[in-house]
Amino acid sequence: MNRTEFFNSLLSKQEYVPPQSDLTPYSGKWDESTSNHLLKRLCFGAKVEDVKRLAAMSMSQAVDSLLNLDAIPDPPVNVYSTPTVPDPDAPYGKTFVNAPLNAALPPEYYQARMNVVKAWWTGNMVQQKTTIVEKMTLFWHNHFATEADTVQAAQVVYYYYKLMRDNCLGNFKQLTFRMSKDLCMLRYLNGYLNSKNAPDENYGRELLELFTVGKGPDSKYTEDDVKAAARVLTGHRINPLTSPMSYFFLFTEHDLGTKTFSSFFNNKVIAGKLDGDSELNELITMLFDQTETARHLVRKLYQFFIYYKIDDTIENTIIRPLADQFKANGYEIKPILSTLFKSAHFYDLYNRGCVIKNPLDYAVGMVREFSVTLPNKDLLNTYQGWGLVAILSAYQGLNIADPPLVSGWQAWYQSPQYHEIWINADTLANRNKVAEGMNSGAGINISGLIMKIDPIPFTLQMSNPSSAQELTIDAIRYLYNLPLSDQSVQYFKNFLYAGLPDESYWTVAWAEFQAKPNDPIVKSAVSTRLSSFYKEIISQAEYHLS
Amino acid sequence: MRRRKFIQSAATGIVVPTIINGIPANAFSANSQLSELLNPTVDTDHVMVLIFLSGGNDGLNTVIPLDQYGNLSVARPNILIPSNEVLRLNGNSNVGLHPALGGLQTLYNEQKLSIIQSVGYPLPNFSHFRSTDIWTSASDANQVIDSGWLGRYLDSEFPGFPLNYPNANNPDPLAIQLGANLPLLFQGPNAQMAMNVSNPDIFGGWPNGVNDPTDNTPRGTEINYIRTISRQSKSYADALIASYLKGTNVAQYPAANYLGDTLKAVARLIKGGLKTRLYLVGLFGFDTHAEQGKGTGAHAGLLQQLGDAVLSFQRDLEGMNLSKRVIGMTFSEFGRRVKDNASNGTDHGAAGPMFVFGESIQSGVLGANPQISSNVSVNDNVPMQFDFRTIYASVLKDWFCVNSGQQDQILLKKFNSLPIIKNNCSTTSIEDYHLSVERLRVKCYPNPLVETAIVELSTERGQLQIQLFDPLGRLVKVIYSGKVEAGLHKFSFENEDFPPGNYHLRVSHGILQKSVLIQIAQ
């Protein structure tokens, strides 16, 4: 073999053979590895107690238990005002989400409110019930992306979140209808300025390109369709002075002309009408009559929950049948999620552990998996604690409520890298710092707010922590959901008795700790070793996958 | 920018625990045979810094066609820049700059700025991300390419990357994205060629514990990916930190200027000896659908940042004695509509101007002003005068000395280059170019056109193409394409029931491009 051949042999990658599994219900073994897989994908991190609890159910029960809507937590409140500079709309401790746009609001409180909403939103993820609700809301946020920094009104960002959360398992068509009149979206894509004399095409364009029919190979709408849609959408307005801010339709700014669409939409004609809802309804119905709308959304769901690669086999065996089901049931979301998460394809070994954790999966997941206690000594402190998690995620490229563009985060659309975009030299270094900081004595300290992993609670959930070997295997099983070689187990295990001859020293130290759990010296002997052990585990490539 | 805003306001004085302890020394031991194999095709110390203006920059309020000012004032009453505020250019009374672009005006007057008019592509796409993909992949508008033009360039220079990189001969990242991220731009056929950096102080310790073999499943693919990033980052971190610490800025940069901050770091890295050839930085927020402003306002704020940052960067390079080695280039995913909208902004459009700056470029305005009709409709766009890939071709050929075969592969087809770089291989100057364009003497009559039109022009011997672009800026008809002899030629074409409006004839002859506004009547 000459040098060139040698290199070619190193470079040539065998083509990955796509799995043959399809949407038929999974009938294989149901155990902790399958429940762990399900939880890691549908929630932020998988807590050991949930992995065990769901493993004890049937597969179908386990999935059903995750597809449940719970009530939205109480809205975010004022934790930022001072006695000398009050918030004119909301006393300290009370919510501001129903405030009008008030010129008397001190300017610095615009951003303060936004930070509160971001912290609160992240807090809802941290405190999530064991359901898909918060993950699914993130999916919709990425789909119907808006940027708080552009919108500049925290109130409407709250209602935008509420709309997505309340409808996260509901009906896609209805959600799109409501989103078209949502104040946050109207502000973000200038819908509220769209007028008959000079239409602003911003929302109309994205409604077609991103939110419904998309840009798949079979989506053949035209530039004129965008313009016609923009004309249908004229006249939607915001009244910023009501409490809460409200939507209204200004028919004098609405284009009453006839809007004609291309052959892709069967030359649909929408006649001008004096009320906005019926024209909007006709437009949405036209868009949802297109099979491409169902396929576009199913593709996004697939890439979000399973893997980013969609080849012809996946398109034909998963995307199209699921899209047909979606369209046939009138765009109800829950039934297709149920089909997908109960399918043999979802549990196929090929599809496990291959999604690169997004920054919230990483940050919120770590907090939940290790039951990290966030700052919580009072109201402000509690919000700051959630804010810490939001900042960790922002540093890694996902700043909640502020995606980079209307198309959402690149990791969910940019071919060919997709999820890999979450990991680069910058963000990986950042994740490694987080791993180190969270497991250090001082913890992660941001402006005096401290967050760290206490390694004991997680360890106590393992089957036999007194054996370094078993503890290592168990911890890897829960955290990676992937078995490792003996060599790697040995590598991690060593951190439990670093500097000592063999693992019996760990067993002794652990026994001592169990005998005297409140003795600080005894406790520190095990916890410092555990911290370096977990730090090492969560710094590997394997931990970044779910 | 947005990200920074949140992070800063949410927690000033952020302290992530100290981890910048003991960055491991680069353990790569050079294998001479390997090194030989891994030598780049062309050894060059030339650097290009790309500045992405994200969101679609409004070209007509950036580079102002003064000879069209009357019609422009009819088309964009809400955002028109008062003519007495427009910045003038030495020796060119037809073209002006936005009042916030004082920095670029200075560079132009010092002959360090090239303004390239109406750059775009034949079938404009008005979607941000699709058009960004077209610009970064250098694909045709109806073609989906999974790699970037600079990814392919770097792949042709450094074949086999990332296997065995970094190495003794190539210790530095091939490309760096600093504070901006366009993954497709540097995506090579096999690997991502660029490294992302937000701040050279970031590098911490990298893990090296688990190296279990991986298989060809998706999971195996992703584990390999993360391990590769980890391994490279560890080694590149050394080089980067060393360069960053060695380099010192000599010029003042403007305060509160995101682009300035990133260019400042780029200057430092180059000065510090980093061999990286390509940098991407960005400025965000050009999607000015509403409240775009005139001489002041949102758009002005962005252009102010651009001009100030670029001028400081150029001064810094000059002070560091690096100005001959470095050029910069701006680009944006599209321009904006000719007419403004009722929300005092502009919607997505087609072609727009590009800036190339530095000491090694041919200063001047390349191409003619876009022609604005007196009755601009809501949908009218600035059509392309130059295909964006001819600018890429010029940079590859005249700045990175890429040979023509390699260039065709990188750009996926053949493109001529333009007089942009001052270079021995480049024979044309901008003046020659414009004289040659004038000699084309393109006429089209009758105008407005009802049924048949005649196009008359005089050419040299060579390739000729005559195209018709509709008001949206889309190529709708190729009137002629082929070889011609030197002399006067006449071509005729029929009005094939084209909807009435403002059309452009684009004549392309060798490297020469010329656009003529014609009206098609009912």
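Throughout, read-outs are computed from the coordinates displayed, never taken from laboratory work. Keep in mind it's a predicted model, so treat the numbers as computed, not measured. Positions of Cβ are backbone-derived with ideal geometry, glycine not excepted, and every protein chain shown enters the neighbour counts.
Tell me, what are the semi-axes, in whole angstrom and largest first, of the equivalent ellipsoid of the stretch A:376-502 as set by the roots of 5 times the Cα gyration tensor eigenvalues?
Its equivalent ellipsoid spans semi-axes of 32, 23, 13 Å.
State the extension gain, in nm to one decimal, for the chain segment bounded by A:D519 and A:S504, taking 0.36 nm per residue of separation less the distance between their alpha-carbons. Intermediate values should be presented prior to the final figure.
Working: separation 15, 0.36 × 15 = 5.40 nm, distance 2.08 nm.
Taking 0.36 nm per residue and subtracting the Cα distance, the gain is 3.3 nm.
Would any residue of the stretch A:288-322 have its amide N under 20 Å from a label point 7 Å out along Cα→Cβ of A:S27? List them or say none.
Residues A:317-318 qualify, since their backbone N sits under 20 Å from the label point.
Here are some pairs, A:K52/A:K523; B:K275/B:K422; A:K118/B:K294; B:K112/B:K264; which of them have Cα atoms lying more than 24 Å apart in this structure?
A:K52/A:K523; A:K118/B:K294
With +1 on each Lys and Arg Cβ and -1 on each Asp and Glu Cβ, how big is the dipole of chain A about its Cα centre, in debye rounded to the nearest 20?
Charge dipole, chain A, about its Cα centre: 340 debye, nearest 20.
Compute the length gained on full extension between A:I310 and A:A104: take 0.36 nm times their separation in residues and subtract their Cα-Cα distance, giving the result in nm to one decimal.
Length gained, A:I310 through A:A104: 69.0 nm.
Between A:D324 and B:Q111, what's the calculated FRET efficiency when r is the beta-carbon distance and R0 is 45 Å? Round to 0.05.
Working from the Cβ atoms, E equals 0.10.
Note down the Stokes-Einstein diffusion coefficient of the protein assembly as shown in µm²/s, whole number, using a Kirkwood radius over alpha carbon pairs, 10 °C, and 1.306 mPa s. It would help to have the intermediate numbers written out before the result.
Numbers: Rh = 30.9 Å.
Using the Kirkwood radius from Cα pairs, D works out to 51 µm²/s.
For helix A:108-126, report the angle its Cα long axis makes with the longest principal axis of the Cα atoms of chain A; keep it between 0 and 90° and round to the nearest 10°.
It is inclined by approximately 60 degrees.
For the stretch A:165-285, how big is the tail of P(r) above 19 Å, as a whole percent of Cα pairs?
It works out to 45 percent of all Cα pairs.
Figure the gain on full extension for B:Q519 and B:D45 (residue separation times 0.36 nm, minus the Cα-Cα span) and round it to one decimal in nm.
The span from B:Q519 to B:D45 would gain 165.7 nm if fully extended.
Kirkwood hydrodynamic radius for chain A: how many Å is it when counted over pairs of different Cα atoms?
So the Kirkwood estimate lands at 25.5 Å.
Report the FRET efficiency, 1/(1 + (r/R0)^6), for A:Q487 and B:N216, where r is their Cβ-Cβ distance and R0 is 30 Å, rounded to 0.05.
Numbers: r = 21 Å, r/R0 = 0.71.
Using R0 = 30 Å, I get an efficiency of 0.90.
Can you pull out the trypsin sites (Lys or Arg not before Pro) in the stretch A:342-446 that DSSP calls coil and that have at most 11 other Cβ atoms within 10 Å?
Loop-located and lightly packed - A:K377.
Which residues in the stretch A:440-465 have a backbone N closer than 13 Å to a point placed 7 Å from the Cα of A:E512 along the Cα-to-Cβ line?
Backbone N within reach: none found.
Using the Cα atoms of the stretch B:207-358 to build a convex hull, what is its mean projected area in square nanometres? Let's see the in-between values first.
Details: hull surface 53.0 nm².
For the stretch B:207-358, the mean projected area of the Cα convex hull comes to 13.2 nm².
For the stretch B:440-520, what is the convex hull (Cα atoms) projected area averaged across all directions, in square nanometres?
Approximately 4.6 nm², given one-decimal rounding.
Which whole number gives the average count of other chain Cβ atoms within 10 Å of the Cβ atoms across peptide B:222-232? Write down the numbers at each step before the final one.
On the way: counts 13, 9, 2, 7, 12, 3, 2, 9, 9, 0, 2.
Counting Cβ atoms of other protein chains within 10 Å of each residue's Cβ and averaging gives 6.
Give the shape of the stretch A:84-223 as rounded, prolate or oblate, defined through the alpha-carbon gyration tensor: a ≥ b ≥ c are the square roots of its eigenvalues, a/c under 1.5 means rounded, and otherwise the shape is prolate if a/b is larger than b/c and oblate if not.
Oblate shape, in that a/c is at least 1.5 and b/c is the bigger or equal ratio.
If we count GluC sites (Glu not before Pro) as exposed when they sit in a DSSP loop and have at most 16 other beta carbons within 10 Å, what is the longest stretch of chain B that avoids them all?
B:111-290
Given the convex hull of the Cα atoms of the stretch B:71-199, what is a quarter of its surface area in nm²?
Averaging across all directions leaves 12.1 nm² for the Cα convex hull.
Could you sort out which of A:K94/A:K377; A:K40/A:K129; B:K339/B:K514; A:K29/A:K493 sit more than 20 Å apart by Cα distance in this structure?
Over 20 Å apart, Cα to Cα: B:K339/B:K514; A:K29/A:K493.
Suppose a student asked you for the relative contact order of chain A, using Cα pairs under 8 Å spaced at least 6 residues apart; what percent would you report?
Rounded, it is 17 percent for chain A.
To check you understand DSSP bridge types, tell me what percent of the beta bridges within the protein assembly as shown (both residues inside) are antiparallel, rounded to 5.
Percent antiparallel among DSSP bridges in the protein assembly as shown is about 70.
If you average 1/r across every pair of different Cα atoms in the stretch B:40-427 and take the reciprocal, what Kirkwood value do you get, in Å?
For the stretch B:40-427, inverting the mean 1/r across all distinct Cα pairs yields 21.5 Å.
Using only alpha carbon pairs under 8 Å that are at least six residues apart, calculate the relative contact order of chain B and give it in whole percent.
Numbers: 1128 pairs, mean separation 104.2, N = 522.
Relative contact order for chain B comes out at 20 percent.
Taking the Cα centre as origin and putting +1 on Lys and Arg beta-carbons and -1 on Asp and Glu beta-carbons, what dipole magnitude results for the stretch A:189-288, to the nearest 20 debye?
60 debye
Using the alpha carbons of the stretch A:249-394, what is the convex hull volume per residue in cubic angstrom, as a whole number?
199 Å³
Post the alpha-carbon centroid distance, the stretch A:330-361 to the stretch B:254-284, in whole angstrom.
So the separation of the two Cα centres works out to 41 Å.
Projecting each Cα onto the charge dipole of the stretch B:40-427 (Lys/Arg +1, Asp/Glu -1 at the beta carbon, about the Cα centre), which of B:L303, B:A265, B:G349 comes out farthest on the positive side?
The listed residue farthest towards the positive side: B:A265.
For the residue pair B:E494 and A:S466, what label-to-label distance in nm results when each label sits 7 Å from Cα along the Cα-to-beta-carbon direction?
9.6 nm
Taking one equal scatterer on every alpha-carbon of the stretch A:73-151, how large is log10 of I(q)/I(0) by Debye at q = 0.11, 0.22 1/Å?
-0.35, -1.07
For the pair A:D454 and A:S262, what calculated FRET efficiency results from E = 1/(1 + (r/R0)^6), where r is the Cβ-Cβ distance and R0 = 60 Å, to the nearest 0.05?
0.50
Sort out for me the Cα centre separation of the stretch B:123-160 from the stretch B:364-420, rounded to whole Å.
15 Å
In deg cm²/dmol and to the nearest 500, what is the mean residue ellipticity at 222 nm of the protein assembly as shown if only DSSP H runs of at least 4 residues count, each as -39500 (n - 2.57), divided by the residue total?
Computed ellipticity for the protein assembly as shown at 222 nm equals -11500 deg cm²/dmol.
Given charges of +1 on the Cβ of Lys and Arg and -1 on the Cβ of Asp and Glu, with all other atoms neutral, how large is the dipole of the protein assembly as shown about its Cα centre, in debye to the nearest 20?
Here the size comes out at about 680 debye.
Counting alpha carbon pairs within less than 8 Å and at least 6 residues apart, what relative contact order, in whole percent, applies to the stretch B:137-201? Mind dumping the intermediate values first?
Numbers: 88 pairs, mean separation 25.7, N = 65.
With pairs under 8 Å counted, the relative contact order is 40 percent.
Determine, for each peptide in A:67-73, A:210-216, A:20-26, the mean count of other beta carbons within 10 angstrom over its residues, then list the peptides with the highest first. Show your work: numbers first, answer last.
On the way: A:67-73: 13.4, A:210-216: 21.0, A:20-26: 15.1.
With the highest mean Cβ count within 10 Å placed first, the list reads A:210-216, A:20-26, A:67-73.
Identify the trypsin sites (Lys or Arg not before Pro) of the stretch B:355-446 meeting these criteria: DSSP loop state and at most 12 other C-beta atoms within 10 Å of the C-beta.
In loop regions of the stretch B:355-446 (DSSP not H, G, I, E or B), the sparsely surrounded trypsin sites (Lys or Arg not before Pro) are B:K413, B:K414, B:R441.
Compute the angle between helix A:291-305 and the longest alpha-carbon principal axis of chain A, please, reported from 0 to 90 degrees and rounded to the nearest 10.
Around 20 degrees separate the two axes.
Quick one: what does P(r) look like for the stretch A:456-544 with 5 Å bins over all Cα pairs, in whole %?
Computed distribution, short to long bins: 3, 15, 28, 27, 17, 8, 3, 0.
Considering only C-alpha atoms, what is the centroid distance from the stretch A:485-523 to the stretch A:25-91, in Å?
33 Å
Taking each residue of A:533-545 in turn, how many C-beta atoms of other protein chains fall within 10 Å of its C-beta, and what is the average?
5
How far, in degrees from 0 to 90, does helix A:133-143 lean away from the longest principal axis of the Cα atoms of chain A, to the nearest 10?
Relative to chain A, helix A:133-143 is tipped by roughly 50 degrees.
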